[in-house]
Amino acid sequence: MVTQDPILDPVGIVTWAIDVGIYDLMYSAWGWTIAEIVHFTGLCLLIGTVGMFDLRMMGLVKGLSLAALHKLVPFGVLGFALSAASGFMFVVSTPDQYLYNPAWQVKMCLLALAGLNMAVFYLVMAKRVYALGPDDAPPLAARAFAAVSLASWLGVIMAGRVITAFRPPAWFWCAWCG
Amino acid sequence: MDALAWIEQTRLSVFVREDFYAYFVLLIFHAWGMAFLVGGGVAVSLRVLGVARGTRLERFAGFFQIMWLGAAMAIVSGLGLLAGYPAKALTNWIFALKFACLIGAAVLVWRMGREVFPVAARGEPMPPRARWMGAAALALWLGGVACGKLLLYTNKMLLTTDLAW
């Protein structure tokens, strides 16, 4: 099943994880547990900063300057880094359980959507939003960016929660395997 | 233990365990609820600690409604999950620690709302204890989340029938 993959090499990935020590670390007594705690701590920081910024930009919370509130976002970046690093360790330690898992693939697509939405927001909308006063209503386009961002992150959480329900080999998605 | 065994035999408990979607739908709503509850708490705590000083602290009370919504989602879904596997949670002291952390954090945020926000609204400097409250609340929110993950790895049993082993 896995050896027919023309692009990804799960055996090679896990061999690399063993060589660099990630595999042994993850399968030590508390490795997986600590990585999960780090993963969810990162998500909490992300939702507590980027998510709350999104809620303000959607107009659901009022009276806060978006330029000043944006100072919270570096903590969201830290949270994302924690989640990404721990997530990377999960994947390389048991790649076949993630790479071909429908829920994980959906999670990665939503992550890409959140990243693309953020990039376009900073390119075309951020300056307009930062110029708003604490009680000004954000423009409709900014609300749309915020809604897509929050929905993407909630989708990432949702897909992440069901990864265990869609484990290969019972579930196996590989559109690129032919 | 008899009470836990009785809960496990209820239709709700059996449904949560045996339906393919029920358990995961509850898990998703629990994660979303915790995200809004802890997320709002993290934002308030960081602001009290001095991050995003350009915002008016008392306006962070606007996040309290989001936190209430998150708490409601987390509690309802959490009760559903508890109904499915009562012995798994209620025989594990980490479960009590999770609650202690989350209740402690919520009480601190409530006290900040009552004691620190009015001071900020009057334009007066924050009392020195505010930063301690913010730091403690942040630690307790993240501690509660950590305990939630630890529950997966520290349970002694899933069901009371496991005692037969």
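The numbers here are math on the coordinates, done by the rules we state, and not lab data. All figures in this text were calculated on a predicted structure; none of them were measured in a lab. Every residue, glycine as well, gets a Cβ built from its backbone with ideal geometry; the counts of neighbours run over all protein chains shown.
Observations
- Helix A:10-20 axis, angle to chain A major axis (alpha carbon atoms, nearest 10°): 80
- Listed by Cβ neighbour count within 10 Å, with the fewest neighbours leading, A:Lys62, B:Lys149 appear as A:Lys62, B:Lys149.
- Ranking of B:Tyr21, B:Tyr85 by neighbouring Cβ atoms within 10 Å, starting from the fewest: B:Tyr21, B:Tyr85.
- Nitroxide proxy distance, nm - points 7 Å out along Cα→Cβ at A:Ala175 and B:Ile103: 4.8
- Total charge dipole magnitude, region A:40-178, about the Cα centre, Cβ charges on Lys, Arg, Asp, Glu only, Debye to nearest 20: 120
- Comparing B:Met67, B:Met126, B:Met112 in a Gaussian network model of chain B (Cα springs below 10 Å), the most mobile by mean-square fluctuation is B:Met126.
- Between region B:1-31 and region A:30-85, the alpha-carbon centres lie 31 Å apart.
- The distance linking region B:40-119 with region A:116-157 is 25 Å (Cα centroid to Cα centroid, whole angstrom).
- Note on B:Thr161 and A:Tyr122: with the Förster distance fixed at 56 Å, the Cβ-Cβ geometry gives a FRET efficiency of about 0.55.
- Simple spin-label estimate for A:Arg143 and B:Val119 gives 3.7 nm between the two label positions (7 Å along the Cα-to-Cβ direction from each Cα).
- Compactness of region A:2-166 as Cα Rg over 2.2 N^0.38 Å, two decimals: 1.20
- Summing charges over neighbours of B:Thr160, with a neighbour being any other residue whose Cβ is under 9 Å away from its Cβ, gives -3 when K and R count +1 and D and E count -1.
- Partnerless cysteines in the protein assembly as shown, where a partner means another cysteine C-beta under 4.7 angstrom, comprise A:Cys44, A:Cys109, B:Cys101, B:Cys147.
- For the protein assembly as shown, size of Cβ-based charge dipole, Lys and Arg +1, Asp and Glu -1, in debye: 1340
- Net charge over other residues, Cβ less than 13 angstrom from the Cβ of A:Ala141 (K, R count +1; D, E count -1): +3
- Charge dipole (region B:2-164, unit charges on Cβ, about Cα centre) - positive-most of B:Ile28, B:Trp132, B:Asn155: B:Trp132
- Overall dimensions of chain B by Cα: Rg and Dmax, Å: 18.8, 64
- Simple point charges give the picture: +1 on the Cβ of Lys and Arg, -1 on the Cβ of Asp and Glu, and for chain B a dipole about the Cα centre of about 740 debye.
- Each of A:Thr15, B:Thr55 was scored by other Cβ atoms within 10 Å of its Cβ. Arranged with the fewest first, they read A:Thr15, B:Thr55.
- Listed cross-link partners A:Lys107/A:Lys127; B:Lys98/B:Lys156; A:Lys71/B:Lys149 are compared with a 22 Å cut-off, the Cα-Cα value being larger for A:Lys107/A:Lys127; A:Lys71/B:Lys149.
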